[in-house]
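**Q** For reference, the structure I am asking about is given below.
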Amino acid sequence: KKLNISHSQITRLYSRFHSLDKGENGALSREDFQRIPELAINPLGDRIINAFFPEGEDQVNFRGFMRTLAHFRPVEDNEKNKDLTSGEPLNSRTNKLHFAFQLYDLDRDDKISRDELLQVLRMMVGVNISDEQLGSIADRTIQEADTNGDMCISFSEFTKVLEKVDVEQKMSIRFLH
Amino acid sequence: MGPFMSPFNNLLCMLLGISFTVWFTLLLVFIIVPAIFGVSFGIRRLYMKTLLKVFEWATMRMERGAKEKNHLLYKPCSLNSIIAKESTSLEEELKDIRRNCSSPELDDSFDMSDAFYFCRRGIESIVDDEVTKCFTAEELESWNLLTRSNYNFNHISSRLTVLWGLGVVIRYGFLLPLRLTLAITGVGLLVVLTAMIGFLPNGRMKNFLSEKVHLMCYRICVRALTAIITYHHSENKPKNGGICVANHTSPIDVIILASDGCYAMVGQIHGGLMGLIQRSMVKACPHIWFERSEVKDRHLVAKRLSDHVKDKSKLPILIFPEGTCINNTSVMMFKKGSFEIGSTVYPVAIKYDPRFGEAFWNSSQFGMMNYLLRMMSSWAIVCSVWYLPPMIRQEGEDAMQFANRVKAAIARQGGLVDLLWDGGLKRGKVKDTFKEEQQKLYSKILVGTQEVRSRS
């Protein structure tokens, strides 16, 4: 499968999935995620939780859980060559960037509008910055990124802005074993 | 019918009578009398050593069996985590991003990649977090022949299954009735004797007798659980006028500590059997029981506790500051109430050995009766108790800092992880203030400290 996760890691993740599933119905709901205190205090916690749930659904099963987490596997050198034929693995640089893009893109229309950017910024700063200042930050960000003048950031514009950032390292978690 | 049955009946009655007598005599000689005098024959330790050998053999068989069948034997290894978490802070990581990017001169420089940090931290906490795993029982590396701790150890060999079956018979057929008898004896004696002592006038005689009676009954209860306890540093045992604090894993903690010393208990008055026990205990020596309504009133609670410790003739108070049962791998936040009173604190660390029976009471999973049944049908409860040197609040230290200092000492001694999280998270949600702190920190990095300070 394109997931590229080892057997022992799957077993552990299943054990973790099971311990989060308080209702024991084989699927996680948003409340199950919010029960994790470290996630509940994360400013982008709700956006991250949302990434697990496909459009319009309220439950995520183990497959979906693993699929989302697979984006965060580190990119190993041997994998870069291996999967050229079977399509891109979930943890490629592009797919990691796409995951981050979707954190900003609230309505999933493949564009980050000024409004969406403002909302996400507001989540990250809380009440500590004024509307005007936040607005100017948003405007400047869009100005820098927007190349086709539609006042929105598309995925390719997003990728261009972040081309110097080490996405592979910043959006990976190191699995042991 | 008549004449044929009666000699048979007589014989049956006689046999039953004899076996009961033998049973009770053995019970009395080997268990109750030593409990009264506080000596031990060493039977329990021998039992423990035998069990360990059996477990080792069982694990070896399983590993061999798994290799033969080429299965992967699931080893929980709860000491190692699934992932290695990055230890960089928000500030370090964001500064790193800005260094590598184009415009470092701008003051309020937001970068789209700022979200990466929060995203990664969020995903890390989904895969493995410190708190939720404190509220479920620890996983074992080897199997201890109890079905309840059998996660993935499928049928490997029939010899092992036979052993397990034998274990079930011994535990439920022999150990459980024995323990139940002892428990009933212990509790019954406690209620009756303390009520009797209550009629004596207050004075040295009453205190002396009350002490002896409490100790004796708790020792019988200890044997009712087949608890094998090792006490360390008894020279630091709590003295009158002090407060004893310990980490909390189960209601059994009380029995374990109270069988080695006399304490004044603190708690809410319950109904039923618990309430009966509480009411008779307080006749013999002053414990602190609160009505349900009084529990919310922090000042009242603090006043009663400080009145008690000021009276040097009264016993040390036993308190569990975590407020709830934790699974004995970590110590969670201590509530500062007992540390505000200003008396000497005697910390005690309790660590259970999970190989013989899981002592953690997961109150969301099973109730008290179910829990006691599980306790009494485990192999044994093995634990170590360390009495730590007394601590006093220092100059310039507030109650919270003092509580954290005591907590760190207990965690260090017991080999437990020291967490800052509140045990109340077992049932309740985390406070929003923590999220607001994170947001404030990020805002400071974004626009500089001045702006943010003027706003909040």
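**Q** Out of every Cα pair in the range B:183-341, what percent are spaced more than 27 Å from each other?
**A** 22
**Q** Still on this structure: What is the fewest-to-most order of A:HIS7, B:HIS214, B:HIS233 by other Cβ atoms lying within 10 Å of their Cβ? Don't skip to the end; give the middle numbers.
**A** On the way: A:HIS7 9, B:HIS214 23, B:HIS233 13.
Going from least to most buried by this count: A:HIS7, B:HIS233, B:HIS214.
**Q** Can I ask one more? Excluding the sites themselves, what is the longest stretch of chain B that contains no chymotrypsin sites (Phe, Trp or Tyr not before Pro) in a DSSP loop with at most 16 other C-beta atoms within 10 Å? Don't jump to the answer; show the numbers that get you there.
**A** Details: sites that count: B:PHE41, B:TYR74, B:TYR151, B:PHE199, B:PHE366.
Longest run free of exposed loop sites: B:200-365.
**Q** Calculate how many DSSP beta bridges within chain B are antiparallel, expressed in % of all such bridges and rounded to the nearest 5. Provide the component values of the computation, followed by the final result.
**A** On the way: 7 of 27 bridges.
Counting DSSP beta bridges with both partners in chain B, the antiparallel share is about 25 percent.
**Q** Something else about it: Taking H placed 1.01 Å from N in the peptide plane, check which residues at least 5 places from B:PHE290 or on another chain put their amide H under 5 Å from its amide H.
**A** Those lying under 5 Å, H to H, from B:PHE290 are B:GLY267, B:GLN268, B:ILE269.
**Q** Net charge within 12 Å of B:ILE229 by Cβ-Cβ distance, Lys/Arg positive one each and Asp/Glu negative one each, not counting B:ILE229 itself? Walk me through the intermediate numbers first.
**A** Working: positive: B:ARG44, B:ARG45, B:ARG219, B:ARG223, B:LYS351; negative: B:ASP253, B:ASP260, B:ASP353.
In short, +2.
**Q** Between the helical axis of B:158-169 and the dominant principal axis of chain B, each derived from Cα atoms, what acute angle in degrees is found, rounded to the nearest 10?
**A** 70
**Q** Please determine, in degrees from 0 to 90 and to the nearest 10, the orientation of helix B:43-69 with respect to the longest principal axis defined by the Cα atoms of chain B, where the helix direction is its Cα long axis.
**A** Result, in degrees: 60.
**Q** Right, next: In what sequence do A:VAL125, B:VAL331 fall when counting other Cβ within 10 Å, fewest first? Please report the intermediate quantities before stating the final value.
**A** Values: A:VAL125 24, B:VAL331 27.
Ascending Cβ contact count within 10 Å gives the list A:VAL125, B:VAL331.
**Q** Once a ≥ b ≥ c are taken as the square roots of the eigenvalues of the Cα gyration tensor of chain B, is the result rounded (a/c under 1.5), prolate (a/b larger than b/c) or oblate (a/b not larger than b/c)?
**A** Working: a/c = 2.78, a/b = 1.42, b/c = 1.95.
The shape class here is oblate.
**Q** Still on this structure: Apply 1/(1 + (r/R0)^6) to the Cβ-Cβ distance of B:THR230 and A:THR94, taking R0 = 51 Å, and write down the FRET efficiency to the nearest 0.05.
**A** 0.30
**Q** According to a simple spin-label model (label point 7 Å from Cα along Cα-to-Cβ), what is the distance in nm between B:GLU92 and B:PHE434?
**A** 2.1
**Q** Please check chain A for the longest run free of GluC sites (Glu not before Pro) that are loop-located per DSSP (anything but H, G, I, E, B) and have at most 15 other Cβ atoms within 10 Å. Don't jump to the answer; show the numbers that get you there.
**A** Values: sites that count: A:GLU24, A:GLU55, A:GLU57, A:GLU76, A:GLU163.
Answer - A:77-162.
**Q** Partner chain Cβ atoms within 10 Å, averaged over the residues of B:431-443 - can you pull that number for me?
**A** Details: counts 3, 3, 1, 5, 7, 5, 2, 7, 10, 4, 4, 7, 8.
That average works out to 5.
**Q** B:ASN362 to A:GLU55: FRET efficiency via 1/(1 + (r/R0)^6), r the Cβ-Cβ distance, R0 35 Å, to the nearest 0.05?
**A** Values: r = 36 Å, r/R0 = 1.04.
Step by step, r from the Cβ atoms, then E = 0.45.
**Q** Is the range B:272-385 best put as rounded, prolate or oblate by its Cα gyration tensor, with a ≥ b ≥ c the root eigenvalues, rounded for a/c under 1.5, and otherwise prolate when a/b is larger than b/c, oblate when not? The partial results should precede the final answer.
**A** Numbers: a/c = 1.88, a/b = 1.52, b/c = 1.24.
Prolate.
**Q** Sticking with this one: Is it possible to state the helix-based mean residue ellipticity at 222 nm for chain B, with each DSSP H run of 4+ residues giving -39500 (n - 2.57), the sum divided by total residues, to the nearest 500 deg cm²/dmol? What is it? Show your work: numbers first, answer last.
**A** On the way: 15 runs with 219 residues, N = 456.
Calculated from helices alone, the mean residue ellipticity at 222 nm is -15500 deg cm²/dmol.
**Q** To continue, here is another question. If amide hydrogens are placed 1.01 Å from N in the peptide plane, which non-local residues have theirs closer than 5 Å to the one on B:SER363?
**A** none
**Q** Using 0.36 nm times the number of residues separating B:ARG159 and B:ARG427, minus their current alpha carbon distance, what extension gain do you get? Write down the numbers at each step before the final one.
**A** Working: separation 268, 0.36 × 268 = 96.48 nm, distance 4.29 nm.
Difference between extended and current length: 92.2 nm.
**Q** May I pose another question? Kirkwood hydrodynamic radius, the range B:239-284, all distinct C-alpha pairs: what's the number in Å? Provide the component values of the computation, followed by the final result.
**A** Values: mean 1/r = 0.0827 Å⁻¹.
Answer for the range B:239-284: a Kirkwood hydrodynamic radius of 12.1 Å.
**Q** Could you give the nm distance between label points at A:GLN169 and B:VAL168, where each point is 7 Å from its Cα heading toward the beta carbon?
**A** 5.6
**Q** Ok, one more. Shielding of B:16-23 by partners, i.e. mean partner chain Cβ atoms within 10 Å per residue?
**A** Partner Cβ neighbours, averaged per residue: 0.
**Q** What are the ³J(HN,Hα) values, in whole Hz, obtained from phi via the Karplus relation 6.51 cos²θ - 1.76 cosθ + 1.60 with θ = phi - 60°, for each residue of the range A:138-143 in sequence order, with x given for Gly and Pro?
**A** Ordered by residue, 3J(HN,Hα) equals 4, 4, 4, 4, 5, 4 Hz.
**Q** log₁₀ I(q)/I(0) of the range A:89-172 at q = 0.12, 0.20 Å⁻¹, via Debye over equal Cα point scatterers, no solvent, to two decimals?
**A** So the normalised log intensities are -0.37, -0.96.
**Q** With N set to the number of residues, divide the alpha-carbon radius of gyration of chain A by 2.2 N^0.38 Å and report two decimals.
**A** So chain A has a normalised radius of gyration of 1.13.
**Q** Which shape class, rounded, prolate or oblate, goes with the range B:296-363 when its Cα gyration tensor gives a ≥ b ≥ c as root eigenvalues, a/c under 1.5 marks rounded, and past that a/b bigger than b/c marks prolate? Write out the running numbers ahead of the final one.
**A** Details: a/c = 2.72, a/b = 1.95, b/c = 1.40.
It comes out prolate by the Cα gyration axes.
**Q** Apply 1/(1 + (r/R0)^6) to the Cβ-Cβ distance of A:THR147 and A:ARG114, taking R0 = 22 Å, and write down the FRET efficiency to the nearest 0.05. Before the final figure, lay out the partial values.
**A** On the way: r = 16 Å, r/R0 = 0.72.
It comes to 0.90.
**Q** Can you give the extra length, in nm with one decimal, that the chain gains between B:LYS336 and B:LEU420 once fully stretched, where that is 0.36 nm per residue apart less the Cα-Cα distance? Walk me through the numbers on the way to the answer.
**A** On the way: separation 84, 0.36 × 84 = 30.24 nm, distance 1.28 nm.
Here the segment from B:LYS336 to B:LEU420 would lengthen by 29.0 nm.
**Q** Given points 7 Å out from each Cα along the Cα-Cβ axis, report the B:VAL295 to B:GLN394 separation in nanometres with one decimal.
**A** Result for the modelled spin labels: 3.5 nm.
**Q** Right, next: Between the range A:40-76 and the range B:233-248, how many Å separate their Cα centres?
**A** 47
**Q** Please report, in Å, the Rg and the Dmax of the protein assembly as shown, where both are computed over Cα atoms only.
**A** Taking only Cα atoms of the protein assembly as shown, I get Rg and Dmax of 30.6, 111 Å.
**Q** Please average, across the residues of A:25-38, the number of beta carbons from any other chain that are within 10 Å of each residue's own beta carbon, and give a whole number.
**A** Values: counts 0, 0, 0, 1, 0, 0, 0, 0, 3, 2, 6, 10, 12, 13.
So the per-residue partner count for this stretch is 3.
**Q** Can I ask one more? Write down the percent of antiparallel bridges among all DSSP beta bridges whose residues are both part of the protein assembly as shown, to the nearest 5. Write out the running numbers ahead of the final one.
**A** Details: 13 of 33 bridges.
Just about 40 percent of them are antiparallel.
No value in this document is a laboratory result; all are computed from the given coordinates. Everything numeric in this text was worked out from a predicted model, so none of it was measured. Neighbour counts run over all protein chains shown; Cβ positions are idealised from the backbone, glycine included.
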